[in-house]
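Participant: Would you mind keeping the following structure in view while I ask a few things?
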Amino acid sequence: MPLTINKRVWVLAERLYVHVYNTDSFLKLLKECDIDYFSDIYKDLLIGNTKIYYTFMSEENYEFADFMELTPSYKYLPVLSNIIFDDKVINTRYDGWNYYGEFINRWYPDLLELIKLAGVIIEEKEKKLFYEEEKYLSVSEDFLNQKCGDIFLDYIQKEINEAFKTKRYLSVMVLSRKLLESTIVRIMEIVFPKIVKKEYSEKNHGLWYEKNRGKYHDFDTLLENLKTNAHSFHEDEDLILELISLLKPFKTETNACVHRDYKIPDEPYVRQWKIPYTVGLARKLFRKYCNP
């Protein structure tokens, strides 16, 4: 199966390289990778207009991403490896600057997560990227083919399967996010119970519930707290970390679909997010710890 890269990969790659160098250096890099590209936006950036530059860095611009979708996929990894293994790009992880609230230190980690999600193996020591063939497509007639044993979660799964069959792919994305978030909440409620030995545990409760506001934490906070306490799952720590690495970019993408004038999802777009595999990981944890 050809390598499919999420469009935000190219947004982040472009931003990172232009930030640490400039547009001329970015175009030179592309040229070295046998890619001829130019954008009229770059002319404005070279003028030194701060407002234009900050807007470019803070608002989703898919001009370069659209161009790369028409570029042969064998050229993808040479470009990306030159960017993600660049020392200056790597150091942006510690950059405290932001463009209109778009924090630079989040770009590089997000880029790595999306690259891994595409099935690309990152060899840190050799500074090389390798593409791994897709393994996680569902073979059942249903998009999601295994139930959790929870009435609410299984109902959401039923809706997801119906939406997928009728090609309502945006609904698939949103409902899958809901299914995964709800599963995470249930797991955390059991693994970190608010009542321990008949005593209230504020520490445990605070991992998944915002007591002052009377609501569960938002998904970002849940995932961060889960990651910090992954060791509590003992032999399943690696499984937890893998699940989180898949969930974070998927959550971000689904939010973008809902809140921005984004794109109309199609089946290949939905497939690239490995939803059946990700739900399968969450289900495995749910069945083990929640014992429905």
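Participant: Among L223, Y169, I151, whose Cα projects farthest towards the positive end of the dipole of the chain, with charges put on the beta-carbon of Lys, Arg (+1) and Asp, Glu (-1)?
Facilitator: Most positive-ward Cα: I151.
Participant: For Cα Rg over 2.2 N^0.38 Å, the listed values are [x] 0.91; [y] 1.09; [z] 1.29; which was obtained by calculation from the structure presented?
Facilitator: Only one option fits the structure, namely [y].
Participant: Another question, if that's okay. Over the chain, give the accessible area per residue in Å² for a 1.4 Å probe, as an integer. Kindly include the intermediate steps, with their values, before the conclusion.
Facilitator: Working: 15740 Å² over 292 residues.
Using a 1.4 Å probe on heavy atoms only, each residue of the chain averages 54 Å².
Participant: Specify the inter-centroid distance of region 89-122 and region 153-222, based on alpha-carbon positions, in whole Å.
Facilitator: Taking the Cα centre of region 153-222 as reference, the centre of region 89-122 is 26 Å away.
Participant: So what's the net charge close to K75: Lys and Arg +1, Asp and Glu -1, counting the other residues with Cβ under 14 Å from its Cβ? The partial results should precede the final answer.
Facilitator: Values: positive: K31; negative: E32, D34, D36, E69.
Spelling it out: positives minus negatives among the neighbours equals -3.
Participant: What's the extension gain from V185 to N212 if we count 0.36 nm per residue and subtract their Cα-Cα distance?
Facilitator: Values: separation 27, 0.36 × 27 = 9.72 nm, distance 1.78 nm.
Gain on stretching V185 to N212: 7.9 nm.
Participant: Helix 151-165 against the longest principal axis of the chain: what's the angle in degrees, Cα atoms only, rounded to the nearest 10?
Facilitator: 40 degrees
Participant: Here's something else I'd like to know. To the nearest 10 degrees, how steeply does helix 107-117 sit against the main Cα axis of the chain, on a 0 to 90 scale?
Facilitator: Once rounded, one gets 70 degrees.
Participant: With a Förster radius of 22 Å, plug the Cβ-Cβ distance of D87 and L3 into 1/(1 + (r/R0)^6) and report the FRET value to the nearest 0.05. Don't skip to the answer; put the middle values down first.
Facilitator: On the way: r = 26 Å, r/R0 = 1.16.
Using R0 = 22 Å, I get an efficiency of 0.30.
Participant: Take the chain, connect every pair of alpha-carbon atoms lying under 10 Å apart with a spring to form a Gaussian network, then pick out the residue of T71, T183, T92 with the largest mean-square fluctuation.
Facilitator: Result: T71 has the largest fluctuation of those listed.
Participant: Here's another thing I want to ask about it. Within region 94-109, whose backbone N sits under 11 Å from a point 7 Å along Cα→Cβ of F67?
Facilitator: No residue qualifies, since no backbone N sits under 11 Å from the label point.
Participant: List the trypsin sites (Lys or Arg not before Pro) within region 184-292 that fall in a DSSP loop (any state other than H, G, I, E or B) and whose Cβ has at most 14 other Cβ atoms within 10 Å. Numbers along the way, then the final one.
Facilitator: Details: sites: R186, K194, K197, K198, K203, K211, R213, K215, K227, K251, R260, K263, R271, K274, R283, K284, R287, K288; in loops: K194, K197, K198, R260, K263, K274.
Sparse-neighbourhood loop trypsin sites (Lys or Arg not before Pro): K197, K198, R260, K263.
Participant: Which angle from 0 to 90°, rounded to the nearest 10, does the C-alpha axis of helix 7-20 make with the longest principal axis of the chain?
Facilitator: 50 degrees
Participant: Another question about this same structure. Please list D154, D34 from largest to smallest accessible area, probe radius 1.4 Å, with all protein chains kept in place. Numbers along the way, then the final one.
Facilitator: Details: D154 30, D34 100 Å².
I get D34, D154, largest accessible area first.
Participant: Given labels modelled 7 Å from the Cα in the Cβ direction, how far is it in nm from Q146 to D110?
Facilitator: Each label point lies 7 Å from its Cα, and together they span 3.2 nm.
Participant: Just want the answer: with Cβ charges of +1 for Lys and Arg and -1 for Asp and Glu, which residue in Y74, I264, F192 is farthest toward the dipole's positive end in the chain?
Facilitator: My answer, from the dipole projection, is F192.
Participant: Moving to a separate point now. Accessible surface of C290 in the full protein assembly, 1.4 angstrom probe, to the nearest 10 Å²?
Facilitator: Solvent-accessible area, nearest 10 Å²: 30 Å².
Participant: Where in the chain lies the longest segment free of GluC sites (Glu not before Pro) that are both loop residues by DSSP (not H, G, I, E, B) and have at most 13 other Cβ atoms within 10 Å? Walk me through the numbers on the way to the answer.
Facilitator: Details: sites that count: E59, E60, E124, E126, E132, E133, E141.
By the stated rule (loop sites, at most 13 other Cβ atoms within 10 Å), 142-292.
Participant: Relative contact order for region 60-207 using alpha-carbon pairs under 8 Å, separation at least 6, rounded to a whole percent?
Facilitator: Once divided by the residue count of region 60-207, the mean separation gives 10 percent.
The values are calculated or read from the model by the stated rules, or taken from the named source; none is laboratory data. Being a predicted model, the structure only gives us computed values, none of them experimental. Using ideal geometry, Cβ is built from the backbone for each residue, glycine included, and neighbour counts are taken over all protein chains shown. Just the protein is used for accessible areas: all its heavy atoms, side chains included, with ligands, DNA and RNA removed. Shrake-Rupley method; radii C 1.70, N 1.55, O 1.52, S 1.80 Å.
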